[in-house]
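> Would you mind keeping the following structure in view while I ask a few things?
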């Protein structure tokens with residue numbers, strides 16, 4: 001092959017390869033989600049695939065099986081980090097008005113950090129009792145620390161109020177996230193308990209606005225968690241390993257009768 005022929009072919013090859021690479025990059029870019037956190041399988045999901053993948057019976061049964069499993073039932077063993085990631089991932093897909101995603105989480109993973117939190121909650125309890133002129137019950141004080149020690153992880157549930165939605169809507173989103181967290185914990189056979197201990201001032205009289213009680217959140221908790229203005233801790237999700245032979249707690253709810261549902 002002559003040098004002239006080669007010189008004519010090389011540019012064509014370069015152009016062809018370059019065009020192929022550009023096309024590959026463009027097509028893959030087009031396939032990427034346009035929105036952060038978007039479900040990667042969203043384009044393939046249909047109503048039919050949803051109903052075939054998730055049966056109403058099994059889904060409803062999972063919801064019925066969800067329970068608050070308390071730290072006293074935990075074995076003290078570590079829950080794998082992959083399960084904790086699943087719990088946080090479940091929280092991520094809770095309903096959120098205007099996609100504000102108002103949830104924030106502080107995960108106490110190390111033993112030292114959990115003990116520090118337990119001691120903080122114990123001191124908060126003591127201060128509240130003393131301020132109200134009530135007895136500091138030793139067993140309750142020590143329970144705060146013991147519960148922290150027996151847990152594998154403790155996740156602070158935080159609402160980032162923001163400015164787009166009323167606070168009650170953001171709080172509802174975080175509450176939905178907490179439900180999701182407990183549901184996925186149930187599927188893993190892991191204990192989860194949403195505690196609201198020491199998040200608001202028990203001695204502060206609730207104010208009422210349009211019939212809705214407004215609690216005063218503890219600024220000490222905000223400082224302990226290093227929260228920003230407009231962020232409030234609304235509870236602690238205690239997560240712990242369980243004895244695989246432990247009897248799962250039963251539960252009960254009132255029937256959906258005329259006191260609960262009005263049909264129109």
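The values are calculated or read from the model by the stated rules, or taken from the named source; none is laboratory data. Remember, it's a predicted structure, so these values are computed and weren't measured experimentally. So basically every Cβ, Gly included, is an ideal-geometry build from the backbone, and we count neighbours across all protein chains shown.
> Just the residues that are over 19 Å from residue 124 (Cβ atoms), within 13 Å of the chain's Cα centre (by Cα) and surrounded by fewer than 23 Cβ atoms within 10 Å (Cβ to Cβ), please, taken from the stretch 183-197.
183, 184
> Being assigned to a loop (DSSP other than H, G, I, E, B) and touching a helix residue (DSSP H, G or I) at 6+ places or on another chain (Cβ under 6 Å) narrows it down to one of 148, 94, 78, so name that one.
Going through 148, 94, 78 in turn, the sole match is 94.
> While we're on this one: Among residues belonging to the stretch 43-59 that are under 21 Å from residue 184 (Cβ atoms) and part of a loop (DSSP other than H, G, I, E, B), point out the one that is nearest to the chain's Cα centre (by Cα).
Only one residue fits best here, namely 54.
Let's see how each residue does on (1) under 30 Å from residue 146 (Cβ atoms); (2) surrounded by 11 or more Cβ atoms within 10 Å (Cβ to Cβ); (3) at pLDDT below 95:
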| site | (1), (2), (3) |
| --- | --- |
| 205 | no, no, yes |
| 216 | yes, yes, yes |
| 225 | yes, yes, no |
| 230 | no, yes, yes |
| 235 | yes, yes, no |
| 240 | yes, yes, no |
| 263 | no, no, yes |
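> Restricting attention to the stretch 97-112, and to residues there that are touching a helix residue (DSSP H, G or I) at 6+ places or on another chain (Cβ under 6 Å) and within 17 Å of residue 168 (Cβ to Cβ), which single residue is surrounded by the fewest Cβ atoms within 10 Å (Cβ to Cβ)?
97
> Okay, moving on. Please verify whether the stretch 129-152 includes one or more residues that are within 16 Å of the chain's Cα centre (by Cα) and crowded, with 19+ Cβ neighbours inside 10 Å.
Taking every residue of the stretch 129-152 in turn, at least one turns out to be within 16 Å of the chain's Cα centre (by Cα) and crowded, with 19+ Cβ neighbours inside 10 Å.
> Suppose we filter the stretch 219-258 for residues that are touching a residue at least 60 places away in the same chain (Cβ under 8 Å), outside any loop (DSSP other than H, G, I, E, B), more than 21 Å from residue 62 (Cβ to Cβ) and within 21 Å of the chain's Cα centre (by Cα); how many remain?
9
> From 116, 129, 123, grab the single residue that is part of a helix (DSSP H, G or I), more than 14 Å from residue 239 (Cβ to Cβ) and in contact with a strand residue (DSSP E or B) (Cβ under 9 Å, 6 or more places away or on another chain).
Criteria check complete, one pass: 116.
> Moving on to the next point. Residue 163 passes all but one of (1) touching a strand residue (DSSP E or B) at 6+ places or on another chain (Cβ under 7 Å); (2) surrounded by fewer than 17 Cβ atoms within 10 Å (Cβ to Cβ); (3) over 30 Å from residue 245 (Cα atoms); which number fails?
(1)
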